[in-house]
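S.K.: Here it is, the structure, as structure tokens.
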Amino acid sequence: MSKTILVVAEQRDGKLRQVTYEAIQAAKLSSNEGDVIHLAVLGSDLSGLQDSLASLGVQKVCIVDDADLEHYNPEAYASGLSQVIESSNPEGIVFGHTAIGRDLAPVISAKLNAGQISDVTAIEDSVEGVLYTRPIYAGKAFEQKTFQSVPWVLTVRPNNIDADQTKGAPEVEHISYQKPASLRTVIQEVVQKTSGKVDLTEAKVVVAGGRAVKSAEGFKPLEELADVLGGAVGASRGACDAGYCDYSLQIGQTGKVVTPEIYIACGISGAIQHVAGMSQSKIIVAINKDPEAPIFKIADYGIVGDIFEVVPQLTEEFRKV
Ligand code: FAD
């Protein structure tokens, strides 16, 4: 019998985020022939998404469009999503392992009494069923898990599963939002971040600064390098705690998890809590003036030197390319 897998989309500024296409692919890797994929899109004034939704490689797009869903609110989103779940009756639900997915997926799992596998980095078929790989012990080891019951809930780490590229003409269903009886969480104010052209968790190149940058001004050369490479700037908690940058840039166990093609660690020692957030990067480049710095143990390329000399030189060289 065919089953439905529901993917929960993430959108920003009238665009579907890259992780949505990766989650669609994760749903496809979890499905059998004849199964159908539905996409849940929640937000306010979603008309700008029409074109991208019209050509997605899924069977159905379920839209919940309401002013209450303009900004992420866990209770409002859980309520809107529950209505989609009621309509689609999915066997599995896939979220991105993003700030929203990490918050919303457990709420939905609890509501449905579903098993959840979080932070999945790879999916493969096996005789026991679909195997989901996820990092454990701050990225020092991996475990493989499989679901034993339905429904199930999955979150996929951005930048690990190839994005779905297929094009289709999905059916569109508009589902009316039913406000929960009482909203205990109310959004008072949204402070929009103005810097950062590229989303840190989706960036192909991340240039991260540590305590060694010494000041907010010290991030400027890193920003220039990131600009030249079309990447984003990140930071260690050392740099954030020192007040050199915003905590939204923090990478690590208690910050964001990134998996770019290239991670350039500038003046970062390589503490285990930092490494937990970047060790799955495809290529790691470390710049540190201490040749014994632990970051060199996980780096593919190491430069022993002063970041204030090396980073501008790299920027200059990459500008020529
Ligand atoms: P430091 O450890 O001070 O390292 C600075 C490095 O810069 C040194 O290696 C030094 O040799 C080098 N350096 C200095 N000057 C220069 C120069 N001019 N040029 C080149 N190199 C230079 N940390 C995180 O990053 N993310 C987390 O999510 C996180 N979560 C944590 C959770 C818990 C519960 C705890 C206890 C800690 C957590 N930490 C986290 C903190 C972590 O343990 C480290 O303290 C932190 O990562 C250190 O930041 P840093 O590497 O920038 O600073």
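S.K.: In segment 230-247, how many residues are out of contact with any strand residue (DSSP E or B) (no Cβ under 8 Å at 6 or more places or on another chain), over 12 Å from G210 (Cα atoms) and in a loop (DSSP other than H, G, I, E, B)?
M.R.: Residues that pass the stated criteria total 1.
S.K.: Any idea which of V107, V127 is at negative phi and either surrounded by 13 or more Cβ atoms within 10 Å (Cβ to Cβ) or in contact (Cβ under 8 Å) with a residue 12 or more places away in the chain (or both)?
M.R.: Step by step, each of V107, V127 is checked, and only V107 is at negative phi and either surrounded by 13 or more Cβ atoms within 10 Å (Cβ to Cβ) or in contact (Cβ under 8 Å) with a residue 12 or more places away in the chain (or both).
S.K.: Given (1) outside any strand (DSSP E or B); (2) surrounded by 15 or more Cβ atoms within 10 Å (Cβ to Cβ), where does S47 come up short, assuming only one miss?
M.R.: Only one criterion in (1) outside any strand (DSSP E or B); (2) surrounded by 15 or more Cβ atoms within 10 Å (Cβ to Cβ) is unmet by S47, namely (2).
S.K.: Right, here's the next one. Out of everything in segment 268-284 that is surrounded by 22 or more Cβ atoms within 10 Å (Cβ to Cβ) and of a type in the set (A, V, I, L, M), what residue ends up being nearest to the ligand (Cβ to nearest atom)?
M.R.: I268
S.K.: If you scan segment 217-247, which residues turn out to be of a type in the set (D, E) and more than 12 Å from the ligand (Cβ to nearest atom)?
M.R.: Of the residues in segment 217-247, the ones of a type in the set (D, E) are 217, 223-224, 227, 241, 246.
Hits for segment 217-247 are E217, E223, E224, D227, D246.
S.K.: Then there's this: Are any residues in segment 123-138 modelled with pLDDT of 90 or more and not hydrophobic (A, V, I, L, M, F, W, C), and if so, which ones?
M.R.: E124, D125, S126, G129, Y132, T133, R134, P135, listed by residue number.
S.K.: Oh, and also: Going through segment 248-267 one residue at a time, which ones are within 6 Å of the ligand (Cβ to nearest atom) and either at pLDDT below 95 or in a loop (DSSP other than H, G, I, E, B) (or both)?
M.R.: G252, Q253, T254, G255, G267 - these are the residues of segment 248-267 that are within 6 Å of the ligand (Cβ to nearest atom) and either at pLDDT below 95 or in a loop (DSSP other than H, G, I, E, B) (or both).
S.K.: Can you report the number of residues in segment 299-313 which are under 21 Å from K282 (Cα atoms) and within 13 Å of the ligand (Cβ to nearest atom)?
M.R.: Total satisfying the criteria: 5.
S.K.: With of a type in the set (D, E) and over 20 Å from Q178 (Cα atoms) as the only criterion, which of E33, E75 stands out?
M.R.: Every option except E33 fails the conditions.
S.K.: Quick one: in segment 197-216, which of the residues that are in a loop (DSSP other than H, G, I, E, B) and farther than 23 Å from V19 by Cβ is farthest from the ligand (Cβ to nearest atom)?
M.R.: Result: A216.
The values are calculated or read from the model by the stated rules, or taken from the named source; none is laboratory data. This is a predicted model, so every value here is computed, not measured. Note that we place each Cβ from the backbone using ideal geometry, even for glycine, and neighbour counts take in every protein chain shown.
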